[in-house]
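Reading through the structure tokens given below for one structure.
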Amino acid sequence: MSNTPGKQGPIYHLPPFGEPPPLSVQFIGVNYCEPHYRNVRTLARITVIGYVLAGQGRVQAGPLSGIARRGDIFILPAGCRHEVTADPDHSDTWSYIWLNISGSWILNMLEAYKLLDHITVQDSGLEPVFQDAIESAKTLTIEDMQSYIQIVLMRIVVSLSESLRGRGDTLTPTVRAIKQFLDNHILHPFDSGKLADHIGLSYKQMNRLFKQEAGTTLYNYVINKKIESAKLMLLDTQLTVSDIGYKLGYDDPHYFSNLFHSKAGVRPSEFRKLLGRTE
């Protein structure tokens, strides 16, 4: 049982065999949180995926934050500040099953399945998958559990992606078109004029609609997508920080480095070093 202040619950360690795999769930557990529980990672080296069993709490990953309630899943990607806080005013104890995931592949998977923009997913329907993972951790050998938990993780990622894609109709066609245009031009400088011409609305009109439905401004959406793309390139390529900035549309390497620092809390070179790859 965990004796971390503010919480208790079982924790299972799944150390990898032989060469560390590119995708590894090394810890899985259940947290039963006291009303004033708070956990902060200034620069998380792991990705955390959790399923809320009861109660509610607040989760934050970098610039994204949300409320996680019973039945919800929360996603905290590696490479940014994590904060997890119980809601002291809720009548039920906040409890959740969690997976601590190592390796840069999980970031690539979350990006490929369009999950990096979502810190919470409501009514996921995945409780049986998480509960089965906990029960399996009690009975399977560590070697068998390592293979099994990777299959579980893929099921979770694919199911979440399908669930969100099915809910995509909640965005109006205009906002979907704006989002698609921005995603397709993430490697170019942000050009509000081209976007306005493509959509047929003024920038002010588009920004108002986008914020209403997507929960953020056009500019913040673009910057956050660029920073997430930069993180992936820092972890998975040998490109210099300057080259990554150029690829993302920033001609001034110092401006790009300062922007990355303002969003990630560390310089790009430090981010690469801290998360396992040196430049």
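Some points to look at:
- Taking the criterion of being at pLDDT 90 or above and assigned to a loop (DSSP other than H, G, I, E, B), the only residue of the stretch 213-237 that qualifies is THR217.
- Qualifying positions in the stretch 199-212 - assigned to a helix (DSSP H, G or I) and exposed (fewer than 15 other Cβ atoms within 10 Å of the Cβ): TYR203, LYS204, GLN205, ARG208, GLN212
- Qualifying residues in the stretch 213-240 (those that are hydroxyl-bearing (Ser, Thr, Tyr) and farther than 13 Å from LEU182 by Cβ) - the one least open to solvent (accessible area, probe 1.4 Å): THR237
- Checking each residue in the stretch 159-192 for being open to solvent by less than 40 Å² (accessible area, probe 1.4 Å), more than 16 Å from PHE210 (Cα to Cα) and in a helix (DSSP H, G or I) picks out LEU160, SER161, SER163, LEU164.
- Within the stretch 10-65, being buried (at least 19 other Cβ atoms within 10 Å of the Cβ), among the small types (Gly, Ala, Ser), part of a strand (DSSP E or B) and at pLDDT 90 or above holds for GLY29, GLY50, GLY57, ALA61.
- Checking PHE260 against (1) at pLDDT below 90; (2) in contact with a Pro (Cβ under 9 Å, 6 or more places away or on another chain), the condition it does not meet: (1)
- Qualifying positions in the stretch 82-128 - assigned to a loop (DSSP other than H, G, I, E, B), of a type in the set (D, E, K, R) and touching a strand residue (DSSP E or B) at 6+ places or on another chain (Cβ under 7 Å): ASP87, ASP92
- So SER124, is it in contact (Cβ under 8 Å) with a residue 24 or more places away in the chain and open to solvent by less than 30 Å² (accessible area, probe 1.4 Å): yes
- Qualifying positions in the stretch 247-260 - surrounded by 16 or more Cβ atoms within 10 Å (Cβ to Cβ) and of a type in the set (Phe, Trp, Tyr): TYR250, PHE256, PHE260
The values are calculated or read from the model by the stated rules, or taken from the named source; none is laboratory data. These figures come from a predicted structure and were not determined experimentally. Positions of Cβ are generated from backbone atoms using ideal geometry, with glycine treated the same way; all protein chains shown enter the neighbour counts. When the accessible area is computed, the model is the full protein with side chains, heavy atoms only, and any ligands, DNA or RNA have been set aside. Shrake-Rupley method; radii C 1.70, N 1.55, O 1.52, S 1.80 Å.
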